[in-house]
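Remarks on the structure that follows.
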Amino acid sequence: MMNRPLAALIVIMALLSSCADRKSPGHDRGNALSLRHARLITIAESDDAMTATIADPWQAGRTLQTISVGRGGDGHSLATFKRVIVFSTSHCYLLDCLGLSDRIVGVCDAKYILVPAIRQRLRDGRIKDCGDSMSPDIERIISLNPDAIILSPFEGSGGFGKLEKLGIPLVQAADYMETSALGRAEWMRFYGRLFGEGRRADSLYHLVDSTYQSLRAFAATLPPGKSILTERKTGATWYTPGGSSSLGMIIKDARGRYAFGDDTHGGSLALSYEQIIDKAGESDIWAFKYNGSRPMTREDLLREFHGYSALKAFRTGQIYECNTTVKPYFEETPFRPDYLLREMIQLLHPDAKVSPLRYYRRLDQQDGRKK
């Protein structure tokens, strides 16, 4: 197997089946770092090491992974990842925000990455395209000799196949399973520490948290906002955020009205078109995301499904689209939920004039019929 002295010396990673205790790492591995919103990770620090315990999001009381990073031979600087392969665009964006894009040597799903610095490094050959994240180029990954791979785990995936046999530490980025937007964003404090940039990550998180809290306090001073329906029908199902999901809570924090706001699910609701029309058909605004080569039009929507014409927002022209081919929604919002809260405040309180829309655009502005 490959010789990776750095990875072997500084990283101990294991899948554990014992119960996870958020306070236990603080007793035997250092002082627990105070986390305000994150619920799936515990971080403990000592003079010699940082240990993170990641709870299994799908099996309560069990640990998904424990990661320990020790100090370097000089006894002063934290031994950190110097070369990583990143499988998700959101983590590429975060590392760029932390000034760590030069630590990325490979990425997957390169065609979806919009971060300018990452795209430039891909063009220059300083970052290599490792193929599709669901079927990565194993030979290229081996050739890059990374210290670690950052990738997302999935329920029932059966593991990571050939990647697990390479002897390369895998950092399981389960942040997307946090039920709160700020909880997911707080994982940046963990990622920063893997690269020796804990203070910078803490500073960025405090900025995100304080900005979010300020925006929420501002929204609380506004009258109830417009009502909103999100996403589109997929096959026979319309997936819309549960009331306790990250987006559901952001809509609530923006003082918007959401037909499913009282729902207690933390994920998406799988509903029929009839259920959507019955409960949310009269929503003031319809906002959805899509991935396309050109702006979508009303005619495109009707060709996709004529039933959209029954929506109040379709009749009034209050349709807002976010083309993720050109808008970095999926890259930015996981670690900058303050951006998304500001967006929702502007959408739901257009008279507030918080800021120009960052991700969404009114569909009628795209096809030449301004209203």
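Could you give the radius of gyration (one decimal) and Dmax (whole number) of the Cα atoms in region 242-303, in Å?
Values for region 242-303 (Cα only, Rg and Dmax): 13.5, 36 Å.
Taking H as built 1.01 Å from N, whose amide H comes closer than 5 Å to the amide H of LEU271, not counting residues under 5 places away?
Sorted by chain and number, the residues that satisfy this are TRP238, TYR239, THR240.
With springs only between Cα atoms under 10 Å apart, run a GNM on the chain and tell me which of ALA236, ALA254, ALA217 wobbles the most.
Sorting by GNM fluctuation, first place goes to ALA236.
How many percent of the alpha carbon pairs in region 143-189 exceed a separation of 15 Å?
54 percent
Cα atoms only, region 128-287: Rg and Dmax in Å?
For region 128-287, the Cα-based Rg and Dmax read 20.1, 58 Å.
Where nothing but the Cβ of Lys and Arg (+1) and of Asp and Glu (-1) is charged, how large is the charge dipole of region 38-196 around its Cα centre, in debye to the nearest 20?
For this selection, approximately 320 debye.
Hey, what do the phi angles of region 235-245 turn into as Karplus ³J(HN,Hα) couplings, whole Hz, using 6.51/-1.76/1.60 and θ = phi - 60°, x for Gly and Pro?
x, 8, 10, 10, 8, 9, x, x, x, 9, 6
Take the residue pairs LYS279/LYS353; LYS165/LYS327; LYS252/LYS327; LYS226/LYS327; LYS312/LYS353; LYS111/LYS252 and return only those whose Cα atoms are more than 32 Å apart.
Numbers: LYS279/LYS353 29 Å; LYS165/LYS327 36 Å; LYS252/LYS327 24 Å; LYS226/LYS327 24 Å; LYS312/LYS353 24 Å; LYS111/LYS252 34 Å.
Checking Cα-Cα distances, LYS165/LYS327; LYS111/LYS252 exceed 32 Å.
Ordering MET296, MET249 by accessible area with a probe of 1.4 Å, largest first, what comes out?
MET249, MET296
Taking θ = phi - 60°, what integer Hz values does the Karplus form 6.51 cos²θ - 1.76 cosθ + 1.60 yield along region 316-324, in sequence order, with x for Gly and Pro?
8, x, 8, 10, 10, 10, 10, 8, 6
If you wrap region 251-371's Cα atoms in a convex hull and average its projection over all directions, what's the area in nm²?
Taking the Cα atoms of region 251-371, their convex hull projects to 8.0 nm² on average.
Got a number for the accessible area of GLU304? Probe 1.4 Å, square angstrom, nearest 10.
Spelled out: GLU304, probe radius 1.4 Å, area about 80 Å².
Any chance you could tell me what percent of the C-alpha pair distances in region 104-151 go past 16 Å?
Summing the P(r) tail past 16 Å for region 104-151 gives 32 percent.
Taking the radius of gyration and the Kirkwood hydrodynamic radius from Cα positions alone, what is the Rg/Rh ratio for region 218-271, to two decimal places?
Taking Rg over the Kirkwood Rh, I get 1.02.
The values are calculated or read from the model by the stated rules, or taken from the named source; none is laboratory data. Since this is a predicted model, take the numbers as computed values, not measurements. So basically every Cβ, Gly included, is an ideal-geometry build from the backbone, and we count neighbours across all protein chains shown. Areas reflect the complete protein model, heavy atoms only, side chains present, ligands, DNA and RNA absent. Shrake-Rupley method; radii C 1.70, N 1.55, O 1.52, S 1.80 Å.
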